[in-house]
1. Hey, with R₀ at 25 Å, roughly what FRET efficiency would residue 147 and residue 42 work out to, going by the Cβ-Cβ distance, to 0.05?
2. What lysines sit close enough to residue 139 to cross-link, taking a C-alpha to C-alpha distance under 27 Å and skipping anything fewer than 8 places away on the same chain?
3. For n ≥ 4 DSSP H runs only, could you compute -39500 (n - 2.57) per run for the chain, divide by its residues and tell me the 222 nm figure to the nearest 500?
4. Write down the percent of antiparallel bridges among all DSSP beta bridges whose residues are both part of the chain, to the nearest 5.
5. I'd like the FRET efficiency for residue 180 and residue 76, computed as 1/(1 + (r/R0)^6) with the beta carbon distance as r and R0 of 45 Å, rounded to 0.05.
6. In what sequence, highest mean first, do 218-231, 130-143, 72-85, 38-51 appear when ranked by Cβ atoms within 10 angstrom?
7. Once a ≥ b ≥ c are taken as the square roots of the eigenvalues of the Cα gyration tensor of the chain, is the result rounded (a/c under 1.5), prolate (a/b larger than b/c) or oblate (a/b not larger than b/c)?
8. Straight-line reach from residue 120: which aspartates and glutamates fall under 15 Å, measuring Cα to Cα and dropping same-chain residues less than 8 apart?
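Just so you know, all these numbers are worked out from the coordinates, no wet-lab data involved. In this text the structure is predicted, and so the values were computed from the model without any measurement. Cβ placement follows ideal geometry from the backbone for every residue including glycine, while neighbour counts extend to all protein chains displayed.
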Amino acid sequence: MDETLISAIRERYQRVLGQIAEAKVRSGREAEAVRLVVVSKSQPLEVVRAAIAAGVSILGENYAEEAVDKIAALPETAVEWHMIGHVQSRKADLVARHFSLLHSLDSIKLAGRLDQSCEKSGRTLPVLMEVNVSGEESKFGFPAWDERRWSNLVPAIEQIMTFPRLRLGGLMTMPPFFDDPEQTRPYFQRLRRLQHFLKERFTGSNLTELSMGTSVDFIAAVEEGATYVRVGQAILGSRPV
C-alpha cells in the first residue's frame with residue numbers, strides 16, 4: 001500500500017477533525033457528537049484502502065452499484081458505509097442490504113421499497129429524510145423551502161414512521177453551492193429550524209440528526225448544528241477525471 005498516500009490522507013483527515021472540534025467549541029457544542037463522513041464516490045479502490053488505513057471510520061457513497069463493488073472488495077474492514085446520494089427505487093435492495101445509514105430518503109415510494117427489502121434481508125435500516133430547503137429544481141428531497149408549509153411534511157413523516165424496518169433519525173439537505181460558506185449558512189439554519197418544528201410535533205421521536213455541510217462549508221454547518229458532515233475532496237483529494 002502507498003504509505004505516502006496514507007500519510008497525506010491521514011494528515012488531511014486529522015486537520016478536518018480538528019476544524020470540526022474548533023467549530024464545536026465556538027458554537028458551545030463541545031459535548032455533542034459530530035460525525036465525519038468521508039465521501040469516497042468516484043475514488044479508486046486504492047484511495048479508499050488508503051483512507052481506511054489512515055483511520056477513516058465512515059465512508060459515504062453516491063452510487064449504489066459502485067459502492068457495493070468497493071464493499072465487496074473490502075470485506076474485512078470495520079468501516080461504516082453510508083449512502084448519501086439519490087437512490088432510485090430499483091436500487092433499494094442494494095442500499096437495504098449493504099449500508100449502515102441512508103442520508104437521502106426522498107420519497108414515500110423509496111421508503112416502501114426499502115422496507116420491503118429490509119424485511120427480506122432481516123435488517124432494520126436507519127434513514128434520514130432528505131429535504132429541499134432552497135427550492136432549487138436540481139435538488140432532490142421533500143419540499144421544505146417555504147416555512148409556512150412545513151406542516152405539509154407531517155403526513156409524509158407519519159407514513160415513513162409506519163414502516164417497521166426503517167428507523168427515521170433526522171434530516172439531510174444539500175443547499176445551493178457557494179464559494180463563500182457564509183452564503184450557505186442560512187440554509188443550514190433553516191434545516192435546524194425545521195428539525196425543531198418537527199420535534200415539537202413528534203414528541204418522543206428520535207429526530208436528532210442533521211446531515212449537512214461539505215468540503216467548502218462544513219465548518220459553518222457544524223456551527224449551525226450538523227451532526228453529520230460529508231467531506232470528500234478536502235480529505236481524499238480531487239477525483240479522477
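1. Once the sixth-power term is evaluated, E becomes 0.10.
2. Partners within reach: 41, 70, 91, 109, 199.
3. -12500 deg cm²/dmol
4. Percentage antiparallel, nearest 5: 0.
5. For residue 180 and residue 76, the calculated efficiency is 0.60.
6. On the way: 218-231: 24.1, 130-143: 17.6, 72-85: 15.6, 38-51: 19.7.
The peptides rank, most packed first, as 218-231, 38-51, 130-143, 72-85.
7. oblate
8. Qualifying aspartates and glutamates at Cα under 15 Å: 93.
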